[in-house]
Amino acid sequence: MRLTADGHLVCVHDRTLRRTASTRGTVSTMDLADLAELDFASWKHPWADLDDERPERDEELGKVLTLRKLCEVVADYDRRVEIAIETKHPTRYGGLVEKRVVELLRDFGWDQIGTPARVMSFSYTALQRVERLAPGVPLVMLLEHSRNWSMLRRVIGPDWIVGPGIAELREHPKLGRRIARAGHDLHVWTVNTPADLALCTELGVKAVISDRPAYMLELLGV
């Protein structure tokens, strides 16, 4: 999640636009209206213009997605859908990102216990902010390196979820067991293969983040 220059939360992973919108620019220096003019889907089909038999693509599906729009879709769905919101740091706006996220969740009544939303970050400080602003929102401490766990386990809240990367779990499967023994649920990123999903199942992982969600659900028989 990133904050635009005019204060909108947008679902853009990278700090810059080069990879996802094939243009120069930094998300935090642009207004939402400027981002809305860009195509955020063409990178998925780079040769589409040369394919005479390709189906027509809905141009709206390539527009930048705001967090508010995503929450509206989730709220209107006919069953409970949970949403994982990652705040990205470092950023020029610092703690304003978490403040805006909590304000938006409050608009939907999702800042309390029972919310379908959870907030995750590699920044311990960012998650502390969310905990102060909305104690009922579940938090996920993302973990990039296994060596950081010995320090983080001493400071994170007892109810915080821990989110290691699948590459770390592959290399250090005991990490998952240590986290579980410390009383924390595991949410693992980014799980895309049957072998990785099997490892997560073996370790008792509660949720996985995937680039291939439909395939993962198929493997799980859901």
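Laboratory data are not the source of any read-out in this text; all were calculated from the coordinates shown. As the structure is a computational prediction, the values presented were derived from the model and not from experiment. Neighbour counts run over all protein chains shown; Cβ positions are idealised from the backbone, glycine included.
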Worksheet, complete the sentence: Cβ density ranking, 10 Å radius, fewest first, applied to GLU98, GLU144 yields GLU144, GLU98
Discussion item. Among MET151, MET141, MET120, which one shows the highest mean-square fluctuation when the chain is modelled as a Gaussian network with alpha-carbon springs under 10 Å?
Written reply: MET151
Item to complete: Collect residues whose amide H, placed 1.01 Å from N in the peptide plane, falls under 5 Å from the amide H of GLY163; neighbours closer than 5 in sequence don't count.
Response: MET141, LEU142, LEU143, HIS187
Practice prompt. Could you tally up the Lys pairs in the chain with alpha carbons closer than 24 Å? Skip any pair fewer than 8 positions apart unless they're on separate chains.
Written response: 9
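Can you tell me the dipole magnitude for the range 80-220 around its Cα centre, using point charges on the Cβ only (Lys, Arg +1; Asp, Glu -1), in Debye to the nearest 20?
460 debye
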Worksheet item: Per-residue HN-Hα couplings for the range 108-114, Karplus 6.51 cos²θ - 1.76 cosθ + 1.60 at θ = phi - 60°, whole Hz, x for Gly and Pro?
Response: 9, x, 9, 9, 10, 4, x
Worksheet, complete the sentence: Given backbone amide H placed at 1.01 Å from N, residues whose amide H is under 5 Å from that of LEU65, ignoring those fewer than 5 places away on the same chain, are CYS11
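Please compute the length gained on full extension between PHE108 and LEU65, using 0.36 nm multiplied by the number of residues separating them and subtracting their Cα-Cα distance.
Numbers: separation 43, 0.36 × 43 = 15.48 nm, distance 1.74 nm.
Net length gain for the segment: 13.7 nm.
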Discussion item. Considering just Cα atoms, how many Å³ per residue does the convex hull of the range 60-134 enclose?
Written reply: 103 Å³
Worksheet, complete the sentence: Residue span ASP14 to LYS174: 0.36 nm per residue of separation minus Cα-Cα distance leaves a gain in nm of 54.5 nm
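Efficiency by 1/(1 + (r/R0)^6): what FRET value for LEU152 and THR201, r their Cβ-Cβ distance, R0 = 25 Å, to the nearest 0.05? List each step's numbers first, then the result.
On the way: r = 24 Å, r/R0 = 0.97.
Result of the calculation: an efficiency of 0.55.
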Worksheet, complete the sentence: Proxy exposure order for LYS174, LYS99 (fewest C-beta within 10 Å first) is LYS174, LYS99
Worksheet, complete the sentence: Once both label points are put 7 Å beyond Cα along the C-beta direction, the ASP34-VAL222 separation in nm becomes 3.8 nm
Worksheet item: Which of [x] 21.1, 82; [y] 16.7, 55; [z] 18.5, 58 is the computed Rg and Dmax of the Cα atoms in Å for the structure on display?
Response: [z]
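Scan the chain and note any complete DSSP helix (H) whose C-alpha atoms cover at least 15 Å along its axis and whose Kyte-Doolittle average is -0.5 or more. Don't jump to the answer; show the numbers that get you there.
Numbers: long enough: 96-107 (17 Å, 0.05).
The qualifying helices are 96-107.
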